[in-house]
Amino acid sequence: MDSAHYLRFILSLVAVLGLIFGVLWVVRQRLPGMMAGRSGGPGRRLAVVESLTLDVKHRLVLVRRDDREHLLVLGGGQPVVVETDCPRAAFAIPPGKPGTPKPETGA
């Protein structure tokens, strides 16, 4: 193969990637809610705060609507509301891996 074939291949690859990114850009501009993140942006009233997989079929989801949080179990036949108007956590979970011993601050 000569250099003309390589150049043609590279230009074709750049054109296809450009088309893909162009379509993604148009979709994001026209349908902003479709590709929004899970937390939502400013002005959004609904957000998934946290999600935990219980087993293959069931998932525990904490959903925030306005200033209220609701705990749901999704999966199986029908969603189940476990708790409504959950209070927000008054503590922060320290960073680190679970199960690792914490250094003692002896007196």
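The values are calculated or read from the model by the stated rules, or taken from the named source; none is laboratory data. Predicted model, so just to flag it, every value in this text is computed and none were measured. In this analysis, Cβ positions are derived from the backbone assuming ideal geometry, glycine residues included, and neighbour counts consider all displayed protein chains.
With respect to the conditions (1) modelled with pLDDT under 80; (2) of a type outside the set (G, A, S); (3) surrounded by 11 or more Cβ atoms within 10 Å (Cβ to Cβ); (4) not in a loop (DSSP other than H, G, I, E, B), C86 falls short on a single one, namely (4). Of the listed requirements (1) modelled with pLDDT under 80; (2) part of a strand (DSSP E or B), F91 misses just one: (2).
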